[in-house]
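**Student:** Here's a structure for you.
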Amino acid sequence: MGVISVVESVDWLVEGTVVTMDADRRIILDGAVAVSDGRIVAVDKAANLRERYEAARTLGGPRRFVIPGLIDCHNHVAQALVREHALEDYPNIYRVYIPAEDILGDDGIRISTRVAAAQLLRAGVTTLTETTCTRAHEDPIAETIMDVGMRSAIAVGQGDRSSRLAGNYEQIDGRSEYHDDPGLRRDTLAATEDFLRRWTDRGEGRIRPWIHNLGVPSCSDEMYLEAMELAEKHDTGVMTHINRDREEIELSFSLFGERPLEHLSTIGALGPRLVAIHAMLTTDREIRLLAESGAGIAHAPVVCTDIVSAVTKVVTMRAFGVRVGLGCDTVINDILKVMRIAFIMHTQATGIPLYDPISFTTEDAFAMGTIDAARLLRWESEIGSLEVGKAADVTVIDGDNVRLSPSTNPIGTLVRYGVGTDAESVLVAGRLVVDNGELLTIDEGELLEEADQLSARLGKELEPRRYRRLVSGTLV
């Protein structure tokens, strides 16, 4: 009597060259991923999975790359429409970006969030990391992300410190100074904990609330230490902008006699739950402190040029064992492009001077947008790789063109030549949110009309804040 094979039903078979990013870094030619009830149930050769499973629908196919849903480790969705107003100007975070957030009402923040989400989803990004700067924006951002079907780590929190850097020409009789507000700190931490409690449940596994400390110029020592305690209590992490610009470094040195990351180490605020955002101006001795503490880095390479700061020492950080993930920071909401920029930037910064073609590889860049990013966000048990039991966050890249095919090194091909618009299909927790390049959870035509109106309003307010005109010629 012959053996009767049992065919199981699944929701999806996603077929193509499967880039797993598992511990063995397996790449399965003619492979497939089987998905059921929002989870990955099998990863194998497509022929094997077709024998075992009957799928309600198949995605991908010949000349397709099947990759983990890409992960953006740093963004500000409230600033999604600001990107050109910050182009080719001096550092303008407090002169342009933050004032832009004040212009947005409830409708504006939801429009801006949908714009960012649409850009990211169309580029195969399934997880967004948001760091809010305005308390009134926290719930609308989280609600909108839930509506559009994305996954997100959302860091919230306000500052409790006002500070002033004495300029070079006033230091004959002037000094840098700061003032901390304990009442504001208590209020901020209470509101932050309320957000942590509410969205841990409301997020249905797709929202993970974090804590946002704005930075040493804006947050007291007590704020940093109490935020770390709160993170421990709620099993989450703290994100902080740090070592981002020269004035921040000088302010910290003038107030405390040490650089910002050194100061956090001195007070005991470095640790494995801390994610340092940017950290462009970070010394080797500070990198050692990061490595020893277990803290990680959210690296947004495009912003190194946008705020005219420095190139983050990513190669050194990774050599010391520091976890580093890639972020878009609203400027280019396309992790494939960001991977390529990082590959070129760090090869130029380290590989060329040292005559080392593998100082920073395409594999390094790809890991920083997938599994390394997941580890940075404390989410590697769910996302970042295509493995049995993980959440079905899957992106299909259309390689049926002479730019991406033929390919003998899939990761090298994607990092060097891929762009977000190559994303053909996207699953988040097993839900199809992009199909054949079309957004299914956002009406893009309607959104564009709303975004045009909001952008025009922002432009009237922001253009006068620039030091240099945005358009050198005349728009006619």
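**Student:** Got a sec? Which of SER425, SER381, SER385, SER405 is in contact with a strand residue (DSSP E or B) (Cβ under 6 Å, 6 or more places away or on another chain), of a type outside the set (A, V, I, L, M, F, W, C) and surrounded by fewer than 20 Cβ atoms within 10 Å (Cβ to Cβ)?
**Tutor:** SER405
**Student:** Hand me the list of strands (runs of 3 or more DSSP E) wholly inside region 121-209 holding 3 or more residues that are in contact (Cβ under 8 Å) with a residue 60 or more places away in the chain and crowded, with 20+ Cβ neighbours inside 10 Å.
**Tutor:** Hits in region 121-209: 125-131, 151-156.
**Student:** When you look at ILE103, is it buried (at least 23 other Cβ atoms within 10 Å of the Cβ) and within 27 Å of PRO217 (Cβ to Cβ), yes or no?
**Tutor:** Answer is no for this residue.
**Student:** GLU446 fails exactly one of the following numbered conditions: (1) touching a Cys at 6+ places or on another chain (Cβ under 8 Å); (2) closer than 16 Å to GLN119 by Cα. What is the number of that condition?
**Tutor:** Among (1) touching a Cys at 6+ places or on another chain (Cβ under 8 Å); (2) closer than 16 Å to GLN119 by Cα, the lone unmet condition for GLU446 is (1).
**Student:** Do you know which of the residues in region 216-248 that are assigned to a loop (DSSP other than H, G, I, E, B) and modelled with pLDDT under 95 is most open to solvent (accessible area, probe 1.4 Å)?
**Tutor:** ASP245
**Student:** I'd like the residue in region 249-292 that is hydroxyl-bearing (Ser, Thr, Tyr), in contact with a helix residue (DSSP H, G or I) (Cβ under 7 Å, 6 or more places away or on another chain) and not in a loop (DSSP other than H, G, I, E, B) and, out of all such residues, is farthest from ASP72 (Cα to Cα).
**Tutor:** SER252
**Student:** Listed residues GLN119, GLN79; which is farther than 23 Å from THR200 by Cα and in contact with a Ser or Thr (Cβ under 6 Å, 6 or more places away or on another chain)?
**Tutor:** Among GLN119, GLN79, only GLN79 is farther than 23 Å from THR200 by Cα and in contact with a Ser or Thr (Cβ under 6 Å, 6 or more places away or on another chain).
**Student:** While we're on this one: I'd like to check something: does region 257-266 contain any residue that is at pLDDT below 95 and of a type in the set (Val, Ile, Thr)?
**Tutor:** no
**Student:** Being under 14 Å from the mean Cα position of the chain (by Cα), open to solvent by 20 Å² or more (accessible area, probe 1.4 Å) and hydrophobic (A, V, I, L, M, F, W, C) is the filter here; which residues of region 321-355 pass it?
**Tutor:** Those that are under 14 Å from the mean Cα position of the chain (by Cα), open to solvent by 20 Å² or more (accessible area, probe 1.4 Å) and hydrophobic (A, V, I, L, M, F, W, C): VAL331, ILE332.
**Student:** Mind checking which strands (runs of 3 or more DSSP E) fall wholly inside region 17-85 and carry at least 3 residues that are open to solvent by 10 Å² or more (accessible area, probe 1.4 Å)?
**Tutor:** In region 17-85, 27-36, 39-45, 53-68 are the strands (runs of 3 or more DSSP E) which contain 3 or more residues that are open to solvent by 10 Å² or more (accessible area, probe 1.4 Å).
**Student:** If you don't mind, there's one more thing I want to ask. Here's a check for you: in region 388-400, which residue that is of a type in the set (Asp, Glu) and assigned to a loop (DSSP other than H, G, I, E, B) is surrounded by the fewest Cβ atoms within 10 Å (Cβ to Cβ)?
**Tutor:** ASP400
**Student:** Can VAL331 be described as among the β-branched types (Val, Ile, Thr), on the phi < 0 side of the Ramachandran plot and at pLDDT below 95?
**Tutor:** Spelling it out, VAL331 is indeed among the β-branched types (Val, Ile, Thr), on the phi < 0 side of the Ramachandran plot and at pLDDT below 95.
One line per residue, one yes/no per condition, for (1) touching a residue at least 24 places away in the same chain (Cβ under 8 Å); (2) in a helix (DSSP H, G or I); (3) of a type in the set (Ser, Thr, Tyr); (4) within 28 Å of ILE98 (Cβ to Cβ):
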{"residue": "ALA373", "(1), (2), (3), (4)": "yes, yes, no, yes"}
{"residue": "VAL402", "(1), (2), (3), (4)": "no, no, no, no"}
{"residue": "ILE442", "(1), (2), (3), (4)": "yes, no, no, yes"}
{"residue": "LEU454", "(1), (2), (3), (4)": "yes, yes, no, yes"}
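**Student:** To continue, here is another question. Can you tell me which residue is modelled with the lowest pLDDT among those in region 356-378 that are of a type in the set (Gly, Ala, Ser) and either closer than 16 Å to ARG416 by Cβ or surrounded by fewer than 24 Cβ atoms within 10 Å (Cβ to Cβ) (or both)?
**Tutor:** The qualifying residue modelled with the lowest pLDDT is SER359.
The values are calculated or read from the model by the stated rules, or taken from the named source; none is laboratory data. For clarity, every value in this text was computed on a predicted model and none was experimentally measured. All Cβ positions, even for glycine, are placed from backbone atoms using ideal geometry, and neighbour counts span all protein chains on display. When the accessible area is computed, the model is the full protein with side chains, heavy atoms only, and any ligands, DNA or RNA have been set aside. Shrake-Rupley method; radii C 1.70, N 1.55, O 1.52, S 1.80 Å.
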